[in-house]
Every structure is written in C-alpha cells, then in structure tokens.
C-alpha cells in the first residue's frame, strides 16, 4: 500500500521544483501581461480599458517605424547570413580539406564574444572620423561614409555586425546537417555524371532542407527580438532609423512606464513570431 | 583535373578570408586594450603592442568595482547553471520515465511557453521582483531563468533513451526512486548535462536586457552592464579601459571553449537543434 502511494507521489516530487518556478516566473507573468494588454495598470490595480492599448500601438507612427526597420533588416540579413553559412559549411565539409577542425573552430568563435562587447567594438570600427573601416576605405577613397548619420548605412552596420557574430554559429548547424547526408548519394550522383554544382542542387540542398529551415526560423526569431545591438551600436539612430520593435517595447515599458501599451505591443510581437514560424514550418512540409 | 585545382584554391581562399574576418575583432581588441584612447583610433598602432594596459586597467577599476562586478557575473552564471542542471534533470526524468496524472497537460503548457518571447514577461517579472524586494540583487537575475523549459525538454529527450529494464531491475533489487535517479541514471547523462551546462552558462553570462532593467547600483552590476554603461552618452568614454573590460568578460567563456572545445560547440548547438 505504502509503495503504491509512493509511486503516485514520486513523479510530482521530481517535477515540483521546476513547476514552482514555471508557475511563478512564467505562467503568472504571461497571464498578468495578457490582462495588462486590456487595462491601465496603476497603483497595483487594473483599470479595464478595452482595446485602447492596441489602438494606441497600432496608431503610433513610431511603432510602424520600428516594424519597418526590423523587417528591412530581417529581409536582407537573414538570407545573406544563411547563404554565407551554407557556402562555408559546404566548403568546410570537404573530406580532403586541410586544417578543417581548426577553421571550423575559428569560424565558430565570434559567438563567444558577448553581445555588449561586440556591439562596442563594432561601434569603434565604424566611427566616422577614425574608425578602422573608414581608415581602410581612405586608402582607396577620398573619404569614408558617415555610417551613423545615414539611415540605411546605420542599418547596414547593424546587419554587418550581426552577420559577423552569427554566421559561424549557423555554419556549424549546417555542417551537422551536411554530415547526415550519406556519401552514397554523392557517389550515385557522380556516377550519373553530375558535377559539383549539380550535386549541390540535387543532393546537398534537399538533404539540408530540414536543418536549413530550422536555422532560418532561429535567425528570424532572433532578428525580431533584436535589442542589444541597436541599443548600443546605433542607439536607435539616426532619428529612429534603426529603432527595433523590442527597443520600442523597452522604451514604452521601462522609460515611459506605460505598461499597458508595452504589453499590448509584446503580444503583437508574439503574433508576428507565431505567424512567421508557422509559415516557415509549412514550407518544410510542402514538397 | 586542372579545374579541380582552381576550385580548391578558391575554397581555401574563401575559408581563410572568413577565418581572418572572424578573428580580426578579437585580435584588434586585444591590442587595443594596451593602447591609450587616442592610439586606439590610429592605424599605426592597430597591430602593435602598446604600453598602457596597466593604466587602462587602473582607469577601469577606479570607474567601477570591477572585481566585484566580475564576481557577480561568475556567481550568477554559476548558480544559475547548477540550478538548471538539478531542476531540469529532475523534471526531465519524470517526463521521460513516469506516468502520472496531468502529464500531458503540463507538457502542453510547457511546450506553449517556448513560443512566448521573453519580452512578454519582462514587465510582470519586474513588478513581481519589486514586490519580492529582489530588485537590484543577484537573485532577481538567477531565479526567473529557472522557468525556462528548454532544459527540461533536452533532458527528457536524453532520459528517454535510457533502458527501462535497468531501472526496473534496480527497483526489484530494492533501490529507491531517488537512488536510481542519482546513482544509476544520472551518471550516464554526462554529455547531455555538459551541453546544457555550457549553454546555460554562456547564455546567462551574456545576459543583458534583464539585468539592465533590474540592477541599479554599481556594486551589483554584471560585466555586460558595466561595459554598456561605459559607452553611454554623457560619459567620457575611455576605449582602452572598455577593451580591458571586454577581455575580462571574454576570458571565462574563451577558457571553457578552449578546454571543452567539442562539448562546447555541441552545447551551443543543442540550443538550436532541439528538434
């Protein structure tokens, strides 16, 4: 009898510590902020406001500016980074390549630098007057561009920095995908007379599809939540040209303490992420 | 045949170029840490060792209680990592090896929370931390992180492959549930625990947005926070000192990476390849 009771209780004992943290620091905050979407929170109490917060966010030109900035950067950066990662991975996967392990390790290294440090280092690189990049460009050109004062250039700087940090990580993900493609397939293809390029399109890409889509989902979600880089590197400027969605939410929540508006905005972000993830997962299933 | 030789050269050129780009900021900042603020911006000094390392460190440590900040970062990342390993392996074990009422309900709830970006919970967490009077403490950073379900799934996945027969025969021999878990199952989970540990440590080490919200006093700051405050508008930024700080912040992660290279890469990837 006692043993049976024990068997009933034991699994709950195992999950209890996690469950407590989950309820207190995840479930409760998720519900709390959902209620906050529809209310005004002041002096520890809610005043029901209907859809006012959503109306405010959706009518705020700054929110749309942040959306536009985030999506422009996402649409350019993710494909470029994914392309580079696939190319690097295919090259690194060469069986006879010398120094393969070492190169893989070096290409992975940028992810070791924390997001704050690398943002600062890149802000020094792209300093107009005497940053490394402009000093280099002045060897060939009369002058380098004012990176931080032109909207699209500031966006470019952010994208370059992010690509620097994340390409290697994605390369190693792709590499793990490549290694699961059987050598027999390549052999069969080459017997059929397919060259390197043909092999890439008919063997490598289809074999990589799952991993590829997964890496893209990861990058898209990461770009949608971009914060540290614009916060430190471009400071959202010039004139909000690099302000991102999460920066907008941060400013609403923790600078103007408009909790209702920030919560409504964060649930709009949830919706965007959910829809984009669903679309990308759907793309994997269609063949 | 000739064709192949040329394409090999292209491949090597491309890969070596990528390696140079990847390493450049590391090498540049290591040199920059030894330069004065004006030398940093000069091409002539970019790859020459300067003599201002001690002076830069001096500036850094007078501006911030930097060893205290370093200890905060280490304490937070270490306690968080240990906590995650204990809590998540327990929960993951229950989900992998026990049947109980509400199992699929809990599992579904945990699964759903994976799709909620952290931004959603920030404000309620801030209000909660305020009422727990934990704002501006190490614990305000450590505790909320334990609610992440990722590690539970990772551990569950690994426990599933542990043979049930071994657990059953141990039980017939009279071993208790916790004895089996700690003495028989857990020791075989070393690779998974290492992966999860490294991932948790690195993520917490670089954590920026949440500490920015909850930590307010200098001797509570973590390393990323110190660095970010040194470049805020209004400060006269000394980049030599910033670079010394950046290297200090990099050191533990780099050391882990060099020691556990293979485990390290697998650990960082386990975050991506959870499927």
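Annotations for the structure displayed:
- Residues that are in contact with a helix residue (DSSP H, G or I) (Cβ under 6 Å, 6 or more places away or on another chain) and touching a residue at least 60 places away in the same chain (Cβ under 8 Å) within the range A:188-215 comprise A:208, A:213, A:215, listed in sequence order.
- The one condition in (1) in contact with a helix residue (DSSP H, G or I) (Cβ under 8 Å, 6 or more places away or on another chain); (2) crowded, with 17+ Cβ neighbours inside 10 Å; (3) farther than 26 Å from residue B:113 by Cα that residue A:235 fails to fulfil: (1)
- Boolean, residue B:83 is closer than 30 Å to residue A:267 by Cβ, within 14 Å of chain A (Cβ to nearest Cβ) and more than 20 Å from the chain's Cα centre (by Cα): no
- Count of residues meeting criterion [within 14 Å of residue B:81 (Cα to Cα) and surrounded by 21 or more Cβ atoms within 10 Å (Cβ to Cβ)] in the range B:115-141: 1
- Cβ separations smaller than 6 Å between residues 6+ apart or across chains give the following pairs from the range A:85-101 residues that are facing chain B (nearest Cβ under 8 Å) to residues that are surrounded by fewer than 20 Cβ atoms within 10 Å (Cβ to Cβ): A:91/B:11.
- Residue list for the range A:17-43, restricted to those being in contact with a helix residue (DSSP H, G or I) (Cβ under 8 Å, 6 or more places away or on another chain) and either within 30 Å of residue B:185 (Cβ to Cβ) or surrounded by fewer than 16 Cβ atoms within 10 Å (Cβ to Cβ) (or both): A:17, A:18, A:19, A:21, A:22, A:24, A:25, A:26, A:27
- Subset tally (residues that are closer than 24 Å to residue A:218 by Cβ and in contact with a strand residue (DSSP E or B) (Cβ under 9 Å, 6 or more places away or on another chain)) for the range B:117-134: 0
- For residue A:124, the stated conditions hold: it is within 14 Å of chain B (Cβ to nearest Cβ), surrounded by 20 or more Cβ atoms within 10 Å (Cβ to Cβ) and either in contact with a helix residue (DSSP H, G or I) (Cβ under 9 Å, 6 or more places away or on another chain) or more than 20 Å from residue B:268 (Cα to Cα) (or both).
- Flag for residue A:74 being assigned by TED's automatic domain parsing to the domain that holds residue A:233 and modelled with pLDDT under 95: no
- Out of B:242, B:253, one residue alone is closer than 22 Å to residue A:111 by Cα, facing chain A (nearest Cβ under 10 Å), in contact (Cβ under 8 Å) with a residue 12 or more places away in the chain and surrounded by 21 or more Cβ atoms within 10 Å (Cβ to Cβ). It is B:242.
- The single residue among A:72, A:139 that is away from chain B (no Cβ under 14 Å) and either assigned to a helix (DSSP H, G or I) or at negative phi (or both) turns out to be A:72.
- Residue within the range B:103-110 that is closer than 27 Å to residue A:39 by Cα and either surrounded by fewer than 16 Cβ atoms within 10 Å (Cβ to Cβ) or out of contact with any strand residue (DSSP E or B) (no Cβ under 9 Å at 6 or more places or on another chain) (or both) present: yes
- Residue match in the range B:206-216 (condition: out of contact with any helix residue (DSSP H, G or I) (no Cβ under 8 Å at 6 or more places or on another chain), under 25 Å from residue A:27 (Cα atoms) and within 11 Å of another protein chain (Cβ to nearest Cβ)): no
- Listing of helices (runs of 4 or more DSSP H) fully contained in the range A:186-287 that carry 1 or more residues being within 11 Å of chain B (Cβ to nearest Cβ) and more than 25 Å from residue B:207 (Cβ to Cβ): A:196-199, A:205-224, A:259-285
- Helices (runs of 4 or more DSSP H) fully within the range B:63-142 counting 2 or more residues that are closer than 15 Å to residue B:211 by Cα: B:66-97, B:119-131
- Filter result (in contact (Cβ under 8 Å) with a residue 40 or more places away in the chain, more than 13 Å from every other protein chain (Cβ to nearest Cβ) and either crowded, with 17+ Cβ neighbours inside 10 Å or not in a helix (DSSP H, G or I) (or both)) within the range B:155-191: B:158, B:162, B:189
- Selection within the range A:47-69 - surrounded by 15 or more Cβ atoms within 10 Å (Cβ to Cβ) and not in a helix (DSSP H, G or I): A:49, A:60
- Scope the range B:31-53; condition in a helix (DSSP H, G or I) and buried (at least 16 other Cβ atoms within 10 Å of the Cβ); matching residues: B:31, B:32, B:37, B:39, B:40, B:45, B:53
The values are calculated or read from the model by the stated rules, or taken from the named source; none is laboratory data. Quick caveat: nothing in here was measured; it's all calculated off a predicted structure. Quick reminder, even Gly has a Cβ in these numbers, built from the backbone with ideal geometry, and neighbours come from all protein chains shown.
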